[in-house]
Structures are given as C-alpha cells and as structure tokens.
Amino acid sequence: MSIAAKKDDAPHILVFSTNNISDPGIDMAGSAHMHYSTQVQVISVPCSSGIKPTWVLHALESGFDGVFIAADGTDCAYLPDCTTRTGVLVKKTQDLLKEHGRSPKRLRMAAVCSVCSESFVSHMANFQKDIVKIASD
Amino acid sequence: MLNRRIGVFICHCGGNISDYVDVEEVRKSVENSPGVVLSKKHMFTCSDAAQTEMMKDVLDEKLDGLVIASCSPKLHLHTFRSMSERAGLNPYRYVQVNIREQCSWAHTDNMRGATKKAIALVEAGIAKSCLMPSLSTIRVETVPKALIIGAGIAGLRSALSLARLGIHAYLIEREEQPGGWVGNLGELFPQGKKGPSLIDSLLEQVRREEGITLFTGTELLEKSGNIGNFTVKLKTGQSDTISLNVGAIIVTTGFDTYAPQKTEYGFNDTNVITLAEYERCLQEGTGEIQYNGHTVKRVAYIYCVGSRQKTSESCPSPNTQCSRYCCTSAIHAAILTHKRDATVGQYHLYRDIRTYGKYELLYDEALNLGSIFLRFDAATPPTVHTDGQLRVNVHDTLTRGEEIEIDADLVVLVTGMVPRENKKLVNILKLPIGKDGFFNEIHPKLRPVETVIDGVFIAGTCQSPKTISESVASALSAVSKTAGLLKRGYVELEPLVAMVDADRCVWCDECTKACPYGAIQKVEHNGKEVAEIIPVLCKGEGACVPVCPKDALDVEGYTDHQITAMIDAFSKEMAK
C-alpha cells in the first residue's frame, strides 16, 4: 500500500488540550515528525479545569471512541490545584458516562507538559489499544 | 450561521503542509460549508503578499469571519489577528487552525488520513468562527506608581530603577532594617565588596531619590482592584494603616536558608555549622580563624546539604532543587580562609561542582591554593562523628570509592535556599506557588517575571535560588515590565473571559468558590441575585464553568455552543 493510500482504522480520539502547556507538547510531537494516528483530533481550551462533562459525553455520542484530557498537571499557571480540580471533573464525567451506559474507561486524563511530545504519542497509542479492548469486551 | 460571510485560507507553508496534505482537496471540501463565501490557498499565508491579498478579500467580499489553516497559533495567531484588524475585521473573529504541527508534520506517512483530518480540523474552525462574536480588548487606565514588597537587594534595585523611569516606588520591608540577606554577608564574590557596604550605597541613593517612599516594619494587609489600579492597604508599626493606589506590584520577598535537622551530619555538635554561620565567622578578626574558642586548622565542607533531595521515609517533602550559588559560595569561603591562614587544610566533599560561568575561575583558584576536593555518591553520603575528635568519613568516588577519614576542627554544611514561608502574602496576592515551593512565573523562558495575576511581578530569590547578580537582573526585568505597563497610561487585556447567563443563574455561589481570583461578584438582575464577572480580574481559565449546576457560565471563545459545534463538525467528517 502506498503512503498516500494508507488506511487508519484506529479508534477516533478527541483530545482536550490546554493552550499554554499541553498544546506546545502536542505541537512538538508534530515538529519532531513523531507519528500518531490521524484519527486523533485536538480541541484546545485554556485550562483542563474548565472542561464540561457534557462535552465529553457529546463527543462519545457523536462518534468519538475515546476522549483524552491532556492536562497541565502541576505546570498549570492558572491554578496550583489544577490536577485535583481536573481529577474531580474526570470522576464526575465518568459517573455521567456510566449513567448514559458508556464505559468510563473511554475517558482518560494524563498530564502532558510543553515538552511531553513522546509521552503524548505513547498515550495516544496506548489509549487506542485499550479502547479496542473495551470494544471487544 | 448561514448569514455569516467567512473566508477560509489554506496555507501550503512551502511544502511543509502541502507535501503531506492535499490542500486543494481541503479547499474544495470546505468551499460550500455553511457560512463560507470564499476559500483560497496561499503558498505562505504569513507572507506580506498573501496578507495584502487576504486583506483585500476581507474588504471586497465584506467578510465577517476569517479562518486560516496553517501552522500553530503559537506562531501566527497575533500576526493574523493584527492583519484582520488592519482589514477592518474584528480580530477575535479570526480563527487559526493548526494543520501543520498537529496534522501534516505528525502524519507524514499518511497523506490520505492527514488530508481527511485537515478537512475535519478546518470544518471545526469554521464552526467555531460562525459562532465567534466581535470582541473588544478590556482597556484599563493605569496609575504610574508601583509597590515593591521586600527591601533586599532586588527590592532596593527595583525601587531605584523605577523611580529613575518616573514611576513612584513604594518600597515596603517587614523588618525594621532594609537590606535583606545581603546586608549581613561579608566579602562577596567576585569583586570582594562587603554586603553591608553594597546595601549602604543603595540605601544612600534611595534616601536621595524623591520618587521612592521606603516603609520599614511594614506589611501588606489587603489588596483590591486590578492591573493598572490596585488599592493596597499597609500596616506600618503596631497599628497604623495606610492606603495607597498603585498600578503594579513587584514581589521581592527573598528566601530562607535550609535549616539542617539536629541529627543531620552531626548538626547538634557546636563545631558543625552551616555555610552562612561560617561566613559570619570569617568576617570576624584577621589572621588565624577562631571559632567557638579554638583555632581552626582543618575544615571539612559537605556540599548539597538539604538540596537535590529525593523523597524517602525520612524526607517526605524533599527540596529537589539545586540552589546553584552554594558551590561558588563555599569555594569563595575557602579562598578567603586560605588567604587568612594558608596553613588551614580544607576538604570539599561534593556531589557535583556547579561553579558555572566565570565562577569556574574561583574553583581553579581554590584548587591552586590547596583545597582538596573529594566526590561522594548521593547514595553513600559522608558520615560525621562527633564523639571525641570531630571527624568525617567519606567514600571518594574519584579514587574508586576509597574510604577517607578526615579529622576536622570544623564541619561546614553547605546549605542552599528554600522557599520562604509567606502564607499571608500568598493569600492576599493570590500568588501561584510552583512545585518547588517558590513563586511561579508564567513561563520560565518567555515570561520569566510575570505571574498569572496581571500586574503582579516576581523577582529575585522568592522565585527560585539565584546569585546576587541574577537577583538584580530579574529585578531589572520586572522593572522593565512594570515600566512598559505603566508608562503607556493604559493597558489592554484579552476579552476571552467568563460570562454569565443572568437568566439561568440562581446565585448558588459555586462559581465564586471555584474562582481563586475573586473575579465573580453578586449583583441584582431583574429582581434576583445573580453572579457577574469582573472582566479585569478574570483569567478566562474557565474553572467556574463546569461547576455551575445551571449551565449559566461560558468562556468567550470556548463557549458550550462553540465546543459542541466543533465536536459536531469532527463527527460529520468522521461519518464520511
């Protein structure tokens, strides 16, 4: 198969990334030509503490197979307790997913810093693998 | 949405995008999307020629929205916002779509997939643009005065420089005596000037400067207002309070030194002291060095005490940072010792020597004067024996771990800087603290003295361990940022802040609890209490948005409608 016709059947992932911290990390992955699946799409937001649980549910109901929150972790310039706040949001969202009959495993959060290009690529590959497992369960 | 007139421009970026994404297919795919009236490609959208052409298109086609699919917004968001403005289009009606770093470059192995992804990204950008209103920056008039908290060397130098730029400096110091740590230090590297003399010369200049008001024995009690016009309340002496208006605040509250545990390296012994104590000892007398009633002939320095620690049972909250200045400082103390009494044997037990830059010359000098350097591994630190003759045992990794025993008259623990406990100030200013416990800047390289609190800057060792010259350099950096802010007379802030749907809001107070910036207030609206955003205080991070049980909050540029529309646009493309 030629490069131009290569098919990517991996699960569709929506990434919520943060403008100042994780977005530069994801940009860096591209700048270094690190390959990850074309089924990964990114929406940038200012801070992971501002992500609404309904957005995650809407994404899954609209065809995405998983949602990944690339959080600032302890690097967040807005909130020193950003990780804790985002953790609470993730829990709340997972409960919402359960209520709607969706696996909470379809939402994942990890800190992606401005130089975490390799870890971002590896998170995407692992998440897609895990989603395939969830789907086959 | 259908009434919008959006122009979409796809960038080849030379071949950086078009080598891996079929840009013509992207253009064709979006040309009939709702709201789009024009779609074009450019070899380099950032070039002057392309910008001129796009500006003409904005005018000719009466565009009310613009989407440029090119590189990361980190590179050209402001370029294109400014171009939009020049074309008479509200800059916030411009949306940048990243199809380079997050598409073509990440998928150089899959042109089909990359093209499909780029189409979805552009569609999502169009969906966002359709819902993007015109916004204006928030303009705030500024007061040409600044408050500097902490009159150590960074604070003194900041005050002098600001005053000379025509900005009145209110310099406050908690202690009765200004000067901070430097005021108590002896001979300083590299010039040899003594700390008190350096501080005295600065204080003399401060006294002569009309543009500086120095308050000692004074603390900050309250801060209200916003960037450009803060009201600060100070407590001077026992009970007096003063209210001042300032446009900016520079925090230069300094550091604390690491205090070893009593059991750490025999610190409970009177002849085991810190480097700061030894430096004070060197300031006293001439010739042979006396300490605690005896003559000092053998000194063992143990480096990295309380620095570069790892988490362990005995150290649950480690100081992981290297203070950087302490290697040079200890070596400088050794040189002073050699110069006072050449017969003193000096043994430096170190993990790594960090006498960076020109301080390497001091390291050379200490070696030439006879200092002996022994390297130990962090896993097998030296042991200090205080029973009987004071002695230190170390496994020297430079001689394949050979155990060496040193009889010493004095053991000097080379301690570094630790963050100063200052909960009250942190609470008043809402200053962010980094994981190392020091105050946190927005970005260590690009915005090194700014904090997320607009108009509040940090400088000197309250931010991280620094030498005196580094402290002064950061103080001057904070001065230039302050002057840049206040000399213009006004400041413009990003309008991408939270907003409240007053009809939905029932004032449950959840949003105020979530907001650490005090940016939400209670107001009356149509006979009921509702939340209202104070735009100049809001950072737009959106922490208040998901906690609202009534879905009454949104952040401009990231509204519920916009994010949902973007997800829908992705979804539509996925289904194709």
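Things to note:
- Exclusive hit being more than 19 Å from B:ILE249 (Cβ to Cβ) and touching a His at 6+ places or on another chain (Cβ under 7 Å), set B:ASP396, B:ASP409, B:ASP387: B:ASP409
- In summary, B:GLY183 fulfils each of the numbered conditions (1) over 30 Å from B:ASP560 (Cβ atoms); (2) out of contact with any Ser or Thr (no Cβ under 9 Å at 6 or more places or on another chain); (3) in contact (Cβ under 8 Å) with a residue 40 or more places away in the chain with the single exception of condition (3).
- Meets criteria (more than 9 Å from every other protein chain (Cβ to nearest Cβ) and under 16 Å from the mean Cα position of the chain (by Cα)) for A:LYS105: yes
- When B:VAL394, B:VAL456 are screened for being touching a residue at least 24 places away in the same chain (Cβ under 8 Å) and over 30 Å from B:VAL272 (Cβ atoms), only B:VAL456 passes.
- Residue in the stretch A:26-39 that is among the polar types (S, T, N, Q), farther than 30 Å from B:ILE433 by Cβ, assigned to a helix (DSSP H, G or I) and facing another protein chain (nearest Cβ under 7 Å) present: yes
- Cβ-Cβ under 7 Å pairs, at least 6 apart or on other chains, the stretch A:23-40 side on the phi > 0 side of the Ramachandran plot, far side modelled with pLDDT of 90 or more and assigned to a helix (DSSP H, G or I): A:HIS33/B:TRP105
- Scanning the stretch B:202-247 for residues that are closer than 25 Å to B:THR451 by Cα and of a type in the set (A, V, I, L, M) gives B:ILE212, B:LEU214, B:LEU220, B:LEU221, B:ILE227, B:VAL232, B:LEU234, B:LEU244, B:VAL246.
- Single condition A:THR84 does not satisfy, out of (1) free of Cβ contacts under 8 Å to residues at least 12 places away in the same chain; (2) over 27 Å from B:GLU573 (Cα atoms); (3) at the interface with chain B (Cβ under 9 Å from one of its Cβ atoms): (3)
- Candidate set: the stretch B:543-576, residues that are within 18 Å of B:LEU135 (Cα to Cα) and within 26 Å of the chain's Cα centre (by Cα); chosen: the one farthest from the other protein chains (Cβ to nearest Cβ): B:GLU556
- Filter result for the condition that a residue is within 14 Å of chain A (Cβ to nearest Cβ) and polar (S, T, N, Q), over B:GLN191, B:GLN102: B:GLN102
- Here B:GLN102 meets each of (1) under 24 Å from A:THR38 (Cβ atoms); (2) in a helix (DSSP H, G or I); (3) open to solvent by 20 Å² or more (accessible area, probe 1.4 Å); (4) without any contact (Cβ under 8 Å) to a residue 60 or more places away in the chain with one exception, condition (3).
- Every condition in (1) β-branched (Val, Ile, Thr); (2) at the interface with another protein chain (Cβ under 7 Å from one of its Cβ atoms); (3) open to solvent by less than 10 Å² (accessible area, probe 1.4 Å) is met by B:THR115 except one, and the failing one is (2).
- The numbered conditions (1) free of Cβ contacts under 8 Å to residues at least 60 places away in the same chain; (2) within 18 Å of A:THR18 (Cα to Cα); (3) assigned to a helix (DSSP H, G or I) are all true for B:ALA124 except (1).
- Residue among A:PRO53, A:PRO46 that is within 7 Å of chain B (Cβ to nearest Cβ), touching a residue at least 40 places away in the same chain (Cβ under 8 Å) and not aliphatic (A, V, I, L, M): A:PRO53
- Residue match in the stretch B:56-74 (condition: among the basic types (Lys, Arg), away from chain A (no Cβ under 14 Å), outside any loop (DSSP other than H, G, I, E, B) and within 18 Å of B:SER136 (Cβ to Cβ)): no
The values are calculated or read from the model by the stated rules, or taken from the named source; none is laboratory data. Worth saying up front: this structure is predicted, and the values here are computed from it rather than measured. Cβ coordinates were reconstructed from backbone atoms using ideal geometry, including for glycine residues, and neighbour counts include every protein chain displayed. Only protein heavy atoms, including side chains, enter the accessible area calculation; ligands, DNA and RNA are left aside. Shrake-Rupley method; radii C 1.70, N 1.55, O 1.52, S 1.80 Å.
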